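A quick write-up on the structure given underneath.
The values are calculated or read from the model by the stated rules, or taken from the named source; none is laboratory data. Bear in mind that the values here come from a model prediction, so they are computed numbers and not experimental data. Positions of Cβ are backbone-derived with ideal geometry, glycine not excepted, and every protein chain shown enters the neighbour counts.
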Amino acid sequence: MAILGFLLNLAGATMLLLFAVRMVRTGIERAFGASFQRILTEKESLLGASSAGLGLAIVLQSSAAVALLVAGFSASGVMAFGTGLAVVLGGDLGSALIIQVLSFRLDWLVPLLLSVGGWLFVKSDQKRLRQYGRILMGVAFILISLRFLREAMDPIRESAFLPALADYLARDYITAFLVGAALAFIMHSSVATILMCVTLVAIGAIPLEAGISLVLGANLGSALIPIWLTRGMPPLARRVPFANFGLRGSWAFLMLLTVNLIPVTQYLTMIGPAQTLINTHIAFNVTLLIVALPFVHRLGGLAEAYLPDGAQGGTNPLDESMSALDHSVLNNPRLALPSLKREVLRMGEMVERMAAPAMEVYESGDQDRIEELIALDQLVNKTLSGIRQYMASLPLAEWSKPDIKAARELAEYAISLETAGDTVAKRLMPLARQKAKKGLSFSPAGWSELRSLHETVLASMRLASNVLLSEDIESARLLVGEKGEIARFERKSRKKHLKRLAEGGVSSFETSDIHLETLRGLRDLNSQCAAIAYPLLYRSGQLLETRLIESLDEADT
């Protein structure tokens, strides 16, 4: 029974730790996620890129999350291979540093974090303050889970089971290495895995030697996570995760042999076993960054040879031959509806491709790039025409009412996406051309507002694609809530702009029309993409018919 109780307590503490790490990451992504692309892509030097990755990994508490961001930016062509790999290497070091912070005994902070975080999350109406509350509560849950983990070891520490297991792992460092890799991959969090190892070493549940092998293995397992999560992405996106896996795997195995075949551990224990384990993990990532950073660009050729552009793993939404509409399944709603949904999703990716470089061309004024983005609207229109023809070919008279409704909702969303494409091509791009021809510049404050709004809209567009694919109610609610936040941001930016005009800002006056029209264009773009959420929320009973008061007499009573 003692073993069963131990395993149950260990599983509970581990799940709480995983939940807490995810809670912190979710809060940070929702509060600041729209700015991640700018943070990562504006760094020109390799050292700056690795520093950006380090900072983001500390904030997100996950090197895998940084790797996934890099994969996405690489797929869209906004980040070169060498820069992306430098960001990921810096992210690995950042996740190691956050373990040092979380390993301190900060149990006294738990009541304060829960009180402040809970109040912000429950009582605040502002999105960002609610996410701050989520982050604070997540940190509190991490500290609570680590305390539970320490307490879970108490009943089993004096039994014969744990010492035998610990001694075996200390003797067989290859097995311990593989166990660490498996734990990190299964838990999908190297931070949680290594925190657990540090806690076990701190209370004497496992020896330092076994802990080092487990941690080195966890570094290998953490590099496997982004490879698994990007398996459906195009080769261009998967090259950085594979290169990182090759570097981390080789370096981890080399350090494993060094530590276990050369008697160096005895010289490291003067500062305590837990801190030694943390220092070893940090030193591993520091040395890997120093050794690998000068060669990241040269690894691009190897990665391209291993994952050539023609390899399986993804499709280009701009390739007209990749239409998902299958005319051979028109009589089968179970196959025709997914086919229609995939085509609408591809259409959404086209619109995102159009919208993503908008601020880039506002700043550069590149006329060729502007014309290129405007031309993409023809592909969006052509895709909508294909969807309309597909809808006309469906034998709706033979379908059930729910299937007919689902097909019409997809067609209506495709129309919204076509309007979104028009917003980019016929409103935003002409404004960018006008700004370039007149040689105008936004005020620093105005440009910052436009760029922040654009980043938020792009994040909302990605969320809309997820809602289309998953039909998740919580994501749909978040999408509609984000629409309200964007509308409030647009109104606030407009008021700030008018205030700058009143104060006599020359640049604000010269670009006033362009600034205001861009704000409205971005707001409308978001509204058109967020339309996917409304049918889903209405079907689930989470959307009101109208916000109008039904009866004036009732309002007076």
Inset, instruction - Report, by residue number, each residue of the stretch 10-23 that is polar (S, T, N, Q) and in contact with a Phe, Trp or Tyr (Cβ under 7 Å, 6 or more places away or on another chain). - result: none
Inset, instruction - Please list, ordered by first then second residue, the pairs with beta carbon atoms under 7 Å, 6 or more apart or interchain, first in the stretch 281-292 and in contact (Cβ under 8 Å) with a residue 12 or more places away in the chain, second acidic (D, E). - result: N285/D92
Legend entry - Test set (1) buried (at least 19 other Cβ atoms within 10 Å of the Cβ); (2) outside any helix (DSSP H, G or I) - V344 fails condition number: (2)
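Quick grid of which residues meet (1) closer than 24 Å to T199 by Cβ; (2) outside the structural domain of N219 (by TED's automatic domain parsing); (3) touching a residue at least 40 places away in the same chain (Cβ under 8 Å); (4) in contact with a Pro (Cβ under 8 Å, 6 or more places away or on another chain):
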site: S63; (1), (2), (3), (4): yes, no, yes, no
site: A67; (1), (2), (3), (4): no, no, yes, yes
site: G90; (1), (2), (3), (4): no, no, yes, no
site: S95; (1), (2), (3), (4): yes, no, yes, no
site: S103; (1), (2), (3), (4): yes, no, yes, no
site: G118; (1), (2), (3), (4): no, no, no, no
site: R147; (1), (2), (3), (4): yes, no, yes, no
Inset, instruction - Please name all residue pairs, on different chains or six or more residues apart, with Cβ atoms under 8 Å, provided the first residue is in the stretch 46-60 and is in the same structural domain as R22 (by TED's automatic domain parsing) and the second residue is acidic (D, E) and surrounded by fewer than 24 Cβ atoms within 10 Å (Cβ to Cβ). - result: L60/E29
Legend entry - Qualifying residue in the stretch 457-473 (condition: buried (at least 19 other Cβ atoms within 10 Å of the Cβ), of a type in the set (D, E, K, R), in the same structural domain as L337 (by TED's automatic domain parsing) and at negative phi): no
Legend entry - Some residue of the stretch 233-255 being in contact (Cβ under 8 Å) with a residue 40 or more places away in the chain and touching a Pro at 6+ places or on another chain (Cβ under 6 Å): yes
Inset, instruction - Assess whether A533 counts as being aliphatic (A, V, I, L, M) and without any contact (Cβ under 8 Å) to a residue 24 or more places away in the chain. - result: no
Legend entry - Qualifying residue in the stretch 498-519 (condition: within 27 Å of the chain's Cα centre (by Cα), of a type outside the set (S, T, N, Q) and either on the phi < 0 side of the Ramachandran plot or surrounded by 17 or more Cβ atoms within 10 Å (Cβ to Cβ) (or both)): yes
Inset, instruction - Mind telling me which of the residues L277, L325 ends up being at pLDDT 85 or above, crowded, with 17+ Cβ neighbours inside 10 Å and in the same structural domain as A375 (by TED's automatic domain parsing)? - result: L325
Inset, instruction - Please note which helices (runs of 4 or more DSSP H) are completely contained in the stretch 425-515 and include at least 3 residues that are under 30 Å from G541 (Cβ atoms), modelled with pLDDT of 85 or more and not small (G, A, S). - result: 444-470, 473-502
